[in-house]
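**Q** To start, I am sharing the structure in question, which I have written as structure tokens.
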Amino acid sequence: MSSTDARTSGVASGPEAGRPEPSPPARWDRRRLLLAAGAALLVAALVVVLALTRGDDTDRTPAAAGSSAPSTAPSTAESTDAGTTPTGTAAPTTAPAPETPVAGPDDQLPPALEPVGLEAQGPVGDGTVVTLPAIEAVQGSGQGPGNVAGPALRVTVRILNDGDQEISLDGVAVNLSYGTDAAPASPLDDSSSRPFTGRLAPGEEAEGVYVFSVPSGARETVTVDVGYRAGAPRVLFTGRAA
């Protein structure tokens, strides 16, 4: 036997000849398994942490929503105490009642002179004289709204300017009342009416015609009220009409 064969046979026949040596690929497989298991555990831990974190956020959300509710209640109460409705509009208030106007001297009728007969003269005192030349029973014709045709009295009024100054006739007012209770007669816009207008020079006279609705059976007492200008005394004529 050669020396080479002896060395070869010595290795094969030694005490380690029957024990197999572990192969290097097997050791690398166990390491990979351990690394994979560790990675899986790490992922699971992260999933648990994330789940717990989301659960905490969900639990805190109702609390935050509930905490905002008390902030609106005091503002509503404060607005109500301040005199406003919860919507922010002003609370309704009761408007003060309008004051009743007090009549002044200009709103009062001028004083009236003592009544005279229907055929008498009515001197005013400043040179102006008022008379009633005629009071006629007519069938009045109503023209325009508020006018009703029917029994009426047509009154002719004459004004004499016996003074030394020109007077205006635009402010002449003529009214008529009848009966014991002095019921006011309604004036008619009759075709024969001719109210006073213009100016009256000293020494001249003018006439105006006025028509009033007066029932035929209510003419026992008739009063004609004539005021020729504002502030001047009114002249009253009273008596039985036709």
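Each reported figure results from applying straightforward, stated rules to the coordinates on display, with no laboratory input. Model, not experiment: these values are computed from the prediction. Cβ: placed from backbone, ideal geometry, glycine included. Neighbour counts: every protein chain shown.
**Q** Starting from the Kirkwood radius over alpha-carbon pairs of the stretch 110-239, derive D by Stokes-Einstein at 4 °C in a medium of 1.567 mPa s and give it in µm² s⁻¹.
**A** 86 µm²/s
**Q** Let me ask you something else. Can you order the peptides 196-208, 35-47, 229-241 by their average number of other Cβ atoms within 10 Å per residue, highest first?
**A** Top of the packing list down: 229-241, 196-208, 35-47.
**Q** Got a sec? How would Thr223, Thr180, Thr131 order by Cβ neighbour count within 10 Å, fewest to most?
**A** Thr180, Thr223, Thr131
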